[in-house]
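Attaching a single structure in structure tokens format; questions to follow.
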Amino acid sequence: MKKLVFILIAFVAYSFSVSANDYSVNELAIDQMFSQADELSSAEFADFTGTNVQAQLSSVNPWAAWALTWTAGVGICGVHRLYLGSTTGVFLVYLCTGGGCGIIQTVDWVVLLIAAIDGSASRYEGNSKIIMW
């Protein structure tokens with residue numbers, strides 16, 4: 001116990017002695033760096049990386065949504081609905097009611113499992129209804 005107290009006191013003493021006053025930010029160098037940088041459009045970025053940026057930003061993986069529903073703690077809290085882009089009100093209803101005492105979560109689990117098997121959860125993206133269908 002004495003060692004633990006000694007380590008705690010040493011840690012607190014060290015934390016008071018450490019200071020960030022020696023660090024400085026060169027604002028002029030940062031401003032010059034940003035003024036010299038080129039701005040890329042999403043099409044130019046897609047040409048550079050070989051990926052379609054807009055498709056990646058708007059697509060929702062149905063298996064990930066189903067997995068978020070399947071996980072009991074996360075599904076009851078409604079995190080899967082945030083992933084799908086539902087309104088904050090739907091998330092708060094899930095959070096306050098525990099996923100409708102698990103009933104609404106189970107319905108979402110079945111609906112998202114069917115959507116995952118079909119390969120698209122796009123019709124459930126941005127859904128503001130409490131029950132998905």
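The values are calculated or read from the model by the stated rules, or taken from the named source; none is laboratory data. Just so it is clear, the model here is predicted, and its values are computed rather than measured. Every residue, glycine among them, receives a Cβ derived from its backbone with ideal geometry; neighbour counts consider all protein chains shown.
Please work out which one of (1) surrounded by fewer than 11 Cβ atoms within 10 Å (Cβ to Cβ); (2) modelled with pLDDT under 85 is the condition W70 fails and give its number.
Result: W70 fails condition (1) only.
If I filter segment 42-58 for residues that are at pLDDT 75 or above and in a loop (DSSP other than H, G, I, E, B), do I get at least one hit?
No, segment 42-58 contains no residue that is at pLDDT 75 or above and in a loop (DSSP other than H, G, I, E, B).
Quick check on L40: is it touching a helix residue (DSSP H, G or I) at 6+ places or on another chain (Cβ under 8 Å) and free of Cβ contacts under 8 Å to residues at least 60 places away in the same chain?
It is true that L40 is touching a helix residue (DSSP H, G or I) at 6+ places or on another chain (Cβ under 8 Å) and free of Cβ contacts under 8 Å to residues at least 60 places away in the same chain.
Give all pairs with beta carbons closer than 6 Å in which a residue from segment 104-133 that is on the phi > 0 side of the Ramachandran plot meets a residue that is outside any helix (DSSP H, G or I); count only pairs at least 6 apart in sequence or on separate chains.
Final answer for the pair search is G126/G85.
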